[in-house]
Every structure is written in structure tokens, then in C-alpha cells.
1. Of all the residues that make up the range 100-149, how many are modelled with pLDDT of 85 or more, assigned to a helix (DSSP H, G or I) and polar (S, T, N, Q)?
2. Which of the residues that make up the range 212-222 are hydroxyl-bearing (S, T, Y) and surrounded by fewer than 17 Cβ atoms within 10 Å (Cβ to Cβ)?
3. Being at pLDDT 90 or above, touching a Gly at 6+ places or on another chain (Cβ under 9 Å) and surrounded by fewer than 17 Cβ atoms within 10 Å (Cβ to Cβ) narrows it down to one of L156, L170, so name that one.
4. Which residues, counting only those in the range 49-72, are of a type in the set (A, V, I, L, M, F, W, C) and at pLDDT below 90?
5. Listed residues A27, A46; which is within 16 Å of the chain's Cα centre (by Cα), of a type outside the set (F, W, Y), at pLDDT below 90 and part of a helix (DSSP H, G or I)?
6. Any residue in the range 197-211 that is crowded, with 17+ Cβ neighbours inside 10 Å sitting within a Cβ distance under 8 Å of a residue that is of a type outside the set (A, V, I, L, M, F, W, C) and part of a helix (DSSP H, G or I)? List the pairs, counting only those 6 or more apart or interchain.
7. The conditions are (1) without any contact (Cβ under 8 Å) to a residue 60 or more places away in the chain; (2) surrounded by 17 or more Cβ atoms within 10 Å (Cβ to Cβ); (3) not aromatic (F, W, Y), and C104 fails exactly one of them. Which is it?
8. Out of (1) open to solvent by 10 Å² or more (accessible area, probe 1.4 Å); (2) under 21 Å from the mean Cα position of the chain (by Cα), the odd one out for R55 is which?
Amino acid sequence: MNASSFANNTPLCYSINSPPFRPIPNASAYFSSIFSALGLTSNLIAFVVLLKSFRRTHNRSRSFFMIFLGGLVVTDFMGLLVTGSIVVSYHVTHFNWRNLDPNCHLCNFMGMSMVFYGLCPLMLGAAMAIERFIGINHPFAHSSSMPKSRTVFMVLMVWLIAGCIALLPLTGIGSYHMQIPGSWCFFNISSKGNDFAFSLIFSLLGLMSIAVSFLLNTVSIVTLIKVCCGQGKNQRRRDHEIEMMVQLILIMVIASNCWCPLLVFIAQTVLSGSPLQIKYLLLWLRFATFNQILDPWVYILCRRAMLKRVAPRLDWSRSSIMSLTPSFGDTVRRFTRSSLRSTMNQETAGDRRKSNLPPPSP
């Protein structure tokens, strides 16, 4: 009787894993503190770099792209600030969640933050791929019908969709629970009931965003290669698009390597019905959080101003990145012309020798 009444009075977030937990080694506190400080510093530097570049740029499509980059930097910075502050505070003070948060408000807030700041980078990457696909394949329609306010609206829509998904467990679709070792909250990864539905929504939406980014970026790269292997004028017009595509490809590669293990692990766990492996969940979660540290260095390092400092001997003053080396098409044309010229010379010499020969005897 007492046990059943205690179970009925236990809040939902503590029904699976209930504090107090065993003390965590100091290494976890050091790791969380260094990880959060490095990520916050990197995103802050990236935001300053983007702000300066946005003020200097006069290219319309690049300004659209930089608005998306700014939204991604702000999302990564706030995600580290919100979740990192809770985790580091727990490691430092070892507070009891049941005493501090008896009604699960803080646990639900952290769970929503984990879902929101986890889905936003993936969905923003897909939105950036869509924007670049339209800008490269339909440049006239993109530049004439897409104002900057619409780009800001797309970023806000991504945040709104991710926020609505993060709120689903509060409506009964899924649930947020305390996770081992007691420093964080996340949705319950289970193959039962509404937890199964929310786990699939989270994993499939993330994997779908990565797939859309991969597909559209591949088409955009093929289009750029065709253009860059053409005339020199087209190369000069497309140099800024090449620079943006390099940054976008690196963002996609980082997001895929960091998030795919966790997303596949969640989908595999709920579809197979096997029990949750905590050690693998913690491992893949740390892989995913590296995305927030690696992303800002793409904007910091992959810029022409930084490349000038890295390789100052190269002629970075040219108006085209692709003009630094001859294009594949020009090389093929020069090779074909030289081959035809040598063949024609040989035929001409052969005709001359034939004309100097005496006529055959009857």
C-alpha cells in the first residue's frame, strides 16, 4: 500500500530514474565545463565574424546565406548556454533534482531544450540547402522574388516547427524523463505507446533533414561544376557561390557525422524493441554535441580573408576562385586544338612528299 501510494505520488519525469544518483567523478565536471566554454567562445567569435562580413557584403544571394548562418550560430550558442549551464551546475553542486524541481518543470525545460536545439541545426541545414539549390539553379527567380525578410521568416519558421515538436511530450505524445547519470533530461526512448511515436518523429525528422541536404547539395555541386568548366565570365560570376557551397558542404558533413549515429541508434532501439543501452546513448550524444563546436569554425576558417593569411603568396586578388587554376574545359579544348593542329601538319607534310615523287612507270 505504501509502495503504490509512493508510485502514484512520483512525478512522471522521475518514474524511471529517480534521484539521488551516485556521485560523478570530477572528470565529468571538467569535461562539461571545458566543452561548454569552448563551444560558447567559438560561436561568439563566429557571430562577430559573420556580422562584420554581412555589413561588408554587397551580394544579394550571399546576404541571404549569411542570415541562415547567423541563425545557425545563434541556435548553437543558445543551445550550449542553456543545456551547458544546467549540466555544469549539477556537476559542481550535485543538487538533488527532487528537492529542487519537485514538479518536473526544470526537467521538462531541459528536455525541450535538448530536442529544440538538436533539431534546429539539422533543419536549418536543410533550409540552407534549399535556398542554395534555388539560388544556383534558378538565379533570376531567386534574386527577384526573395527579399531578406523572407529569409528571416524561413529561419523563424524552422525555430517554430522545432519548438512545436519539442512541446509534443507536454501534450501526451512522448514524455521527458531524468537520464542517467542524473545530470540531464531527455525524452524516453522506448518502443511502447506514445514514447515510440515521439522517438520516431525525432529520429526520422533529423535523418530526413540530412537526406534533403545531401540530395540538394549534390545537385547544386553538379550545376556549379558545369558552370565552372565553361567560360571565364561565368566563373567570375559564380565565385561567391563556390565559396558558399564549400561552407555548406562542410556543415552538412559535420552534421551527418555527429548526428547520424544518435538518430540511427534511437530509431534502431525503438523499432527493434530492445532495451536502451545507456552507455551507447551517452556516447552518441557526446558525438552530437560536437556539432555545436565544429560548426562555427567552418565560418571562421573557410573565408577568403582567412585564406589570404594562410597562403599569402597566392594571387588572392583575382575576382574568381576558380581562376587560380585552369578549368577542366579549357584544358580539354587546348589539348584538342593542339592534337588537331599536329594531325593537320602531318597530313600537309605527307601531301607535299607525295607531290615531289616521280610519276609511276607504265
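The values are calculated or read from the model by the stated rules, or taken from the named source; none is laboratory data. This is a predicted model, so every value here is computed, not measured. Positions of Cβ are backbone-derived with ideal geometry, glycine not excepted, and every protein chain shown enters the neighbour counts. The protein model used for the area step is the full one, side chains on, heavy atoms only, and it has no ligands, DNA or RNA in it. Shrake-Rupley method; radii C 1.70, N 1.55, O 1.52, S 1.80 Å.
1. Looking only at that region, the number is 2.
2. T218
3. L156 is the lone residue from the list that is at pLDDT 90 or above, touching a Gly at 6+ places or on another chain (Cβ under 9 Å) and surrounded by fewer than 17 Cβ atoms within 10 Å (Cβ to Cβ).
4. V49, L50, L51, F54, F64, F65, M66, I67, F68, L69
5. When all the criteria are applied, what remains is A46.
6. So the pair list comes out as F198/P169; S199/T269; F202/G118; G206/G118; S209/G125; I210/G125; I210/S256.
7. (1)
8. (2)
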